[in-house]
Amino acid sequence: MHKKKFTTIAALLLATLALVFTGCAKNDTITIGSKDFGENIVIGEMLAQLVEAHTDLKVNRKLNLGGTFVNFNAIKNNQIDVYPEYTGTGLSAHLKMDVINDPEESYQVVKEEFAKQFDIIWLGPFGFNNTYTLAVTPEVYEAFGVETYSDLVPYASDLVFGAEHEFFDRQDGFDGLVDLYGISFKGDPMKINASLKYQAIGRGDMDVTNAFATDGPIRQYNLRILEDDLGFFPPYHAAPIVRKEVLDKHPELKDVLNLLEGKLDDATMTELNYLVDVEGKAVEQVAADFLKSLNLV
């Protein structure tokens with residue numbers, strides 16, 4: 001009798017524990033971050049929606065978290081689990097390595113070194129190359145006929161350069177650029193928040209700025225993109241990066257986050273950026289519409 005009672009109690013305890021642990025597994029949370037500009041935010045939102053649609057995991061969004069170094073420190077310190085990063089940024093800003101102009105080699109190097117040094121895994125690239133570039137106003141282009149960075153050199157002393165604060169702290173940023181090309185701009189460069197940069201060049205507060213090749217406001221302000229004729233900037237192919245510990249715990253995440261692999265070419269990303277940055281459409285809706293168009297959600 002006592003034995004039967006004990007067996008029944010033990011079975012109930014095991015069943016209760018099973019329910020508790022099952023509930024914990026279903027309630028596990030993945031924290032997805034992003035940088036503080038439209039493109040990275042919309043991709044972060046896409047990743048979040050994919051995880052919500054294809055797993056039982058909850059998603060904690062820390063989108064628009066901050067710049068490159070804020071996100072990288074956050075993922076290293078387990079404050080976020082996933083965010084979209086760029087190969088050129090990984091190479092130059094995080095690994096402090098020299099430029100590798102071959103896109104596939106650049107990807108393989110960051111993939112291997114991040115896993116080795118940081119226990120962070122690079123998943124499949126989205127498909128677009130959002131490389132840094134220089135953009136000039138239509139007035140500068142028409143006045144001087146510049147097509148390349150080198151073409152700027154004779155006129156730079158009359159031109160004001162401006163960029164977001166982070167650009168002046170990066171190895172693949174301002175100091176390296178002007179050293180390689182021997183460019184000397186007018187006065188001190190203008191340092192401005194990334195969200196205000198294009199408004200500033202649109203007002204004529206500056207003549208030259210750094211830009212990402214897929215930025216929507218390039219089209220809005222009719223800016224002209226110059227050719228990096230000495231190859232200063234590396235390729236910037238974007239991909240999700242994930243803490244290895246998280247992938248080990250939730251291996252299903254790999255296939256889910258890789259659903260965007262190869263799905264975003266330069267033209268598509270530029271259009272999505274335009275919808276968010278210029279037309280002011282909600283990030284959540286832009287992300288959802290795109291994923292639905294590919295039957296991913």
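Points worth noting:
- Subset of the range 222-231 (residues that are part of a loop (DSSP other than H, G, I, E, B) and either surrounded by 18 or more Cβ atoms within 10 Å (Cβ to Cβ) or touching a strand residue (DSSP E or B) at 6+ places or on another chain (Cβ under 6 Å) (or both)): 223, 226, 228, 229
- Hits in the range 230-250 (condition: among the hydrophobic types (A, V, I, L, M, F, W, C), modelled with pLDDT of 95 or more and under 19 Å from the mean Cα position of the chain (by Cα)): 238, 239, 241, 242
- When residues of the range 37-73 are limited to those that are of a type in the set (D, E, K, R) and out of contact with any Phe, Trp or Tyr (no Cβ under 8 Å at 6 or more places or on another chain), the one nearest to residue 125 (Cα to Cα): 45
- Subset of the range 251-296 (residues that are in a loop (DSSP other than H, G, I, E, B), without any contact (Cβ under 8 Å) to a residue 12 or more places away in the chain and not hydrophobic (A, V, I, L, M, F, W, C)): 251, 279, 280, 281, 295
- Residue identified as closer than 15 Å to residue 134 by Cα, within 18 Å of the chain's Cα centre (by Cα) and modelled with pLDDT of 95 or more among 156, 163: 163
- Given (1) hydrophobic (A, V, I, L, M, F, W, C); (2) outside the structural domain of residue 247 (by TED's automatic domain parsing); (3) at pLDDT 95 or above, index of the condition residue 1 fails: (3)
- The set of residues in the range 47-76 being surrounded by fewer than 16 Cβ atoms within 10 Å (Cβ to Cβ) and among the aromatic types (Phe, Trp, Tyr) consists of 69 alone.
- Residue check, residue 33 crowded, with 18+ Cβ neighbours inside 10 Å, assigned by TED's automatic domain parsing to the domain that holds residue 282, of a type in the set (Gly, Ala, Ser) and under 30 Å from residue 225 (Cβ atoms): yes
The values are calculated or read from the model by the stated rules, or taken from the named source; none is laboratory data. Keep in mind it's a predicted model, so treat the numbers as computed, not measured. Cβ atoms come from the backbone with ideal geometry, glycine included; neighbour counts cover every protein chain shown.
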